[in-house]
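Colleague: My questions all concern the structure below.
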Amino acid sequence: MGHDCLMGGELFAGRSRPLRRLGITPERDATRTSGAATLTERYLQLQKQAGNQAVLSLLRWGARAAGVTEAGTVQRDVGSHRENPPLTTPRPAGTLSEEQWTAAYRAAVAKPSVEAYEPLFRDIAVTAGMAGLAAGFVPSKVPMSDGKTAKPGLNMTLNTSDEPGHTAWVDKSGVFGLPLKLDRRTPPDVSIAIILSPQALGPDKALSLRAARHEMVHARHKMKVLEAVKDWQSSRGRRQPGFDEWLKQQAKRRNNPISALDVALIGSGAKDGAANTEVLAYVEGFTTDFHRRPATAAQAGPAFFELLGAVETRKLYTWAQADPAVQVEALTRLREYHGTLDTDHQRLWKEWLDTQLAKAANDKTGRKDFLNRLTAFVT
């Protein structure tokens, strides 16, 4: 999948105190079942303890606990289902320090070569957690790709005009970017490959993670597709349904049904649809990057550019074309992430959102809808 966010218009325009720290445990609190009078008493008690901001936080939580969103629709607040565990450090054991990374990056830019860039690509793969995908995503030596051929796992290109990253199917002959062929009996003869270009890297190691993490989401979704196809082919029954029908049946089964999110990701992924996977990949890029930048409009611009990739890219209107289950998952991940941010980053996100909303119009891109739904928690 190309990492090619392109948005029109101007792109550059606090941590809330956890309820537990205020002596309130949401999942056990009486406000989940009590009436308006009890809620009012609770809000007044909280206001004495922590002020108006905490009251607003509790009000939002109370609405979510009741299953009611700001738009008035009922939904289950069950938390996100992220593909990859969050990053904890930009320097896992055995990887370059920030100083070593910066020096190696500048040397590679000054005198580009396979020998100069290969350690950087491997280092960022280790740091991003690609080893958790499958064998080949942290190779001892990262293979070169011409953009048309690749090896399973991680590949690199020195084409500085290329997009930061691509993820696609690759066959045994090395052809990259093939469509997936579904057959009831013959297993797909493809693997998954990621290609990263120099555009994925920068002088700051921590800020060089978002492209790798973006592509990891695509890889995870393709892994889901392959596993589902394997299950479909091994299923037995008097009637052998097609893949789409089989997926619907799995969502309706009584024991361990496939979630609506996975039905959307697998169903579109089997047809090489891009909108669903791109929405979540751009959310991953934003949540990897934003908090690592200084909380200023100038410095956070690239992170917000990544966020708007969930709305539109050069090739498609990601948000408008995404399945509703994917939209809900994306917003859940963003809401959870917002709660981890410090006050300055929360404030900056709100300022950016206000600026974007003032310019947004209702159109086929889905931008207005996306921004409006962010206002439910970006406050």
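Colleague: Inspect segment 180-201 for any residue being more than 22 Å from the chain's Cα centre (by Cα) and among the β-branched types (Val, Ile, Thr) and give the result as yes or no.
Modeller: Checked against the condition, which is being more than 22 Å from the chain's Cα centre (by Cα) and among the β-branched types (Val, Ile, Thr), segment 180-201 yields at least one hit.
Colleague: Condition (residue is acidic (Asp, Glu), buried (at least 17 other Cβ atoms within 10 Å of the Cβ), modelled with pLDDT of 95 or more and closer than 14 Å to residue 92 by Cα) applied to segment 109-122: is it met by at least one residue?
Modeller: No, the conditions are met nowhere in segment 109-122.
Colleague: Moving on to the next point. Please work out which one of (1) over 25 Å from residue 227 (Cβ atoms); (2) aromatic (Phe, Trp, Tyr); (3) assigned to a helix (DSSP H, G or I) is the condition residue 377 fails and give its number.
Modeller: All conditions are met except number (3).
Colleague: Being in contact with a helix residue (DSSP H, G or I) (Cβ under 6 Å, 6 or more places away or on another chain), of a type outside the set (S, T, N, Q) and either modelled with pLDDT under 95 or assigned to a loop (DSSP other than H, G, I, E, B) (or both) is the filter here, so list the residues in segment 160-178 that pass it.
Modeller: 164
Colleague: Taking into account only those residues within segment 358-379 that are among the basic types (Lys, Arg) and under 19 Å from the mean Cα position of the chain (by Cα), which is nearest to residue 324 (Cα to Cα)?
Modeller: My answer is 373.
Colleague: Mind listing whichever residues of segment 211-250 are of a type outside the set (D, E, K, R) and within 23 Å of the chain's Cα centre (by Cα)?
Modeller: 211, 212, 214, 216, 217, 218, 219, 221, 223, 225, 226, 228
Colleague: Still on this structure: Take segment 126-159 and flag every residue that is part of a strand (DSSP E or B) and either of a type in the set (Lys, Arg) or touching a Ser or Thr at 6+ places or on another chain (Cβ under 6 Å) (or both).
Modeller: Within segment 126-159, 155 is the sole residue that qualifies.
Colleague: Given the criterion surrounded by fewer than 22 Cβ atoms within 10 Å (Cβ to Cβ) and under 23 Å from the mean Cα position of the chain (by Cα), identify the matching residue among 153, 147, 177, 165.
Modeller: Result of the check over 153, 147, 177, 165: 177.
Colleague: Let me spell it out: the conditions are (1) surrounded by fewer than 19 Cβ atoms within 10 Å (Cβ to Cβ); (2) at pLDDT 95 or above; (3) closer than 24 Å to residue 223 by Cα; (4) not acidic (Asp, Glu), and residue 256 meets all of them except one. Which number is the exception?
Modeller: The number of the failed condition is (2).
Colleague: If we scan segment 268-281, do we find a residue that is in contact with a strand residue (DSSP E or B) (Cβ under 7 Å, 6 or more places away or on another chain), part of a helix (DSSP H, G or I) and crowded, with 20+ Cβ neighbours inside 10 Å?
Modeller: yes
Colleague: Return only the number of the condition from (1) among the aliphatic types (A, V, I, L, M); (2) under 16 Å from residue 144 (Cα atoms); (3) in a helix (DSSP H, G or I) that residue 223 does not satisfy.
Modeller: (2) is the only condition that residue 223 fails.
Colleague: Next question. Counting just the residues of segment 226-248 that are out of contact with any Phe, Trp or Tyr (no Cβ under 7 Å at 6 or more places or on another chain) and outside any helix (DSSP H, G or I), which one comes out nearest to residue 103 (Cα to Cα)?
Modeller: Only one residue fits best here, namely 242.
Colleague: Taking segment 164-222, which residues are of a type in the set (Asp, Glu) and out of contact with any Phe, Trp or Tyr (no Cβ under 9 Å at 6 or more places or on another chain)?
Modeller: Listed by number, the residues that qualify are 171, 183, 189, 215.
Colleague: Going through segment 109-164 one residue at a time, which ones are among the β-branched types (Val, Ile, Thr) and closer than 25 Å to residue 222 by Cα?
Modeller: If the condition is that a residue be among the β-branched types (Val, Ile, Thr) and closer than 25 Å to residue 222 by Cα, then 124, 126, 127, 138, 142, 149, 157 are the ones that fit.
The values are calculated or read from the model by the stated rules, or taken from the named source; none is laboratory data. Because the structure is a prediction, the values reported are computed rather than measured. Methodologically, a virtual Cβ is constructed for each residue, glycine included, from the backbone with ideal geometry; neighbour enumeration extends over all protein chains shown.
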